[in-house]
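What follows is a short report on a single structure.
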Amino acid sequence: MKTAFDGKKVVLGVTGSIACYKAVDLCSKLVQAGAQVDVILTDAATKFITPLTFRSITHRPVVTDIFDAESELSVEHVALAERADVVVVAPATAHTIAKLALGLADDAITTTILATAAPVVVAPAMDAHMYDNPATLENIETLKRRGITVAGPAKGRLASGLWGWGRMVEPSDLLGHIAAALGRRGDLADKIIVISAGGTQEAIDPVRVITNRSSGKMGYAIAEAARDRGAHAVLVTAPTSLPDPPLVEVHHVESALEMRDAVAACCENADALIMAAAVADYRSANPAGQKMKKGKGDTLTISLIKNPDILAETQGTKVKVGFAAETEDLLANARQKLINKNVHLFVANDVTAPGAGFGVDTNKVTIIDRDGGVEDLPIMTKYEVAHRILDRVAKLLKS
Ligand code: C5P
């Protein structure tokens with residue numbers, strides 16, 4: 001699976017809000033990710049944006065009128081509803097949300113949603129007072145109760161000049177909600193998967209740390225992929241520059257000791273632990289309470305003490321997966337760790353190979369298992385690698 005949207009049929013309903021411009025970006029991102037997108041505009045939406053904008057991005061007809069003789073919908077008014085893998089309304093006005101809560105079907109978007117069996121994602125966008133109105137809040141609760149994903153709204157500056165709740169969530173976040181909705185009945189549904197990510201930071205003094213080059217991208221990709229197969233993904237992450245993935249439970253930690261405590265707590269009810277974090281093997285034995293001053297001599301010795309091995313000591317999950325970032329003797333080292341740390345799978349990568357390892361969006365890994373099996377994967381995106389690892393985890397959880 002290249003992306004969560006590859007070959008998926010997305011119906012994107014756009015209603016009359018100034019946030020329509022974000023729907024254009026969302027539509028473009030979905031098409032770039034491989035989705036086939038059918039756009040429906042309400043009358044009010046056409047006052048903000050033209051059908052041509054979406055037609056130019058999707059290269060498909062845009063539905064504006066349920067009674068339009070040219071439209072596919074006029075032939076069979078539930079055609080899009082039946083074809084859709086997911087129906088998204090972004091932006092969704094208070095008015096459209098109210099119609100959905102009542103089950104009305106007086107335009108192409110509400111008709112499609114009433115008739116679809118596909119998951120529905122709604123991204124509210126409105127002025128803060130309209131959002132705060134009990135009618136809107138109750139309508140949103142009604143949609144949630146019926147299993148509709150309500151993404152946002154976010155808090156911030158609104159078009160009216162007000163500051164408050166009502167901003168449509170950003171398209172990049174909305175992609176996460178849509179991917180999760182698409183995969184909610186996936187093979188990891190009802191499973192809790194704990195993933196660690198990033199390079200731990202071990203304090204030397206209040207301003208300096210010992211850390212490593214891990215970007216966190218591999219662990220974040222696994223958390224997103226697990227979410228996109230229906231799992232409850234729990235991400236325990238050392239500091240990274242990456243945003244929290246939507247609909248993933250994220251715990252931020254800094255040091256190996258903090259990561260150990262967080263992983264232990266999160267694993268209490270978890271099905272699997274995937275340790276993609278680059279955990280520092282050692283920490284400063286005596287971190288200074290104040291910033292250390294430059295000394296007179298040319299050298300400085302910091303005494304280090306070994307960190308606990310989180311992967312080896314964590315018990316209780318049915319499946320444990322480790323990562324071996326190596327620069328030499330890849331397989332021999334990974335095999336040894338598989339035994340030492342009592343794990344089911346080890347994902348080994350040569351971090352010096354082109355397109356693999358730290359910072360890049362691709363990886364080239366070998367998965368080794370307890371039975372001596374060696375699966376050599378070609379270079380692929382970290383999201384694809386994540387799915388290949390989760391294929392194995394899903395199989396182990398079933399066995
Ligand atoms: O022994 P090595 O550090 O190469 O093992 C790598 C694997 O062990 C990774 O999955 C890493 O997250 C995990 N690890 C750990 N605790 C440590 C060191 C590594 O869980 N202290």
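Details
- The set of residues in segment 281-313 that are β-branched (Val, Ile, Thr) and more than 15 Å from the ligand (Cβ to nearest atom) comprises Thr299, Thr301, Ile302.
- Checked against (1) in a helix (DSSP H, G or I); (2) open to solvent by less than 10 Å² (accessible area, probe 1.4 Å), Leu12 passes all but a single condition, namely (1).
- Any chance Val209 is in contact with a Leu (Cβ under 9 Å, 6 or more places away or on another chain), among the β-branched types (Val, Ile, Thr), more than 12 Å from the ligand (Cβ to nearest atom) and modelled with pLDDT of 95 or more: no
- Tally, over segment 322-343, of residues that are within 9 Å of the ligand (Cβ to nearest atom) and of a type in the set (Asp, Glu): 1
- Residues satisfying the stated conditions in segment 251-261, i.e. part of a loop (DSSP other than H, G, I, E, B) and within 13 Å of the ligand (Cβ to nearest atom): Val253, Ser255
- Filter pass, Arg167 being open to solvent by 10 Å² or more (accessible area, probe 1.4 Å), modelled with pLDDT of 95 or more, more than 14 Å from the chain's Cα centre (by Cα) and not assigned by TED's automatic domain parsing to the domain that holds His95: no
- Strands (runs of 3 or more DSSP E) completely within segment 281-399 that count 2 or more residues being open to solvent by 30 Å² or more (accessible area, probe 1.4 Å) and in the same structural domain as Asn269 (by TED's automatic domain parsing): 282-284, 304-306, 319-326, 374-376
- Exactly one residue among Val248, Val319 is touching a Lys or Arg at 6+ places or on another chain (Cβ under 6 Å) and more than 9 Å from the ligand (Cβ to nearest atom), and that residue is Val248.
- Residue within segment 232-247 that is assigned to a helix (DSSP H, G or I) and at pLDDT 95 or above present: no
- Residue among Asp173, Asp127, Asp107 that is under 22 Å from the mean Cα position of the chain (by Cα) and surrounded by 14 or more Cβ atoms within 10 Å (Cβ to Cβ): Asp173
- In segment 262-280, the residues that are within 10 Å of the ligand (Cβ to nearest atom), open to solvent by 10 Å² or more (accessible area, probe 1.4 Å) and not in a strand (DSSP E or B): Ala276, Ala277, Val279, Ala280
Yes or no, residue by residue, for (1) more than 30 Å from Leu300 (Cβ to Cβ); (2) not in a loop (DSSP other than H, G, I, E, B):
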residue: Gly152; (1), (2): yes, no
residue: Gly164; (1), (2): yes, yes
residue: Ser172; (1), (2): yes, yes
residue: His177; (1), (2): yes, yes
residue: Arg184; (1), (2): yes, no
residue: Leu188; (1), (2): yes, no
residue: Asn212; (1), (2): no, no
residue: Ile222; (1), (2): yes, yes
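The values are calculated or read from the model by the stated rules, or taken from the named source; none is laboratory data. Predicted model only: the values in this text are computed from it and were never measured. All Cβ positions, even for glycine, are placed from backbone atoms using ideal geometry, and neighbour counts span all protein chains on display. Ligands, DNA and RNA are stripped out before the accessible areas are found, and what is left, the full protein with its side chains, is counted by its heavy atoms. Shrake-Rupley method; radii C 1.70, N 1.55, O 1.52, S 1.80 Å.
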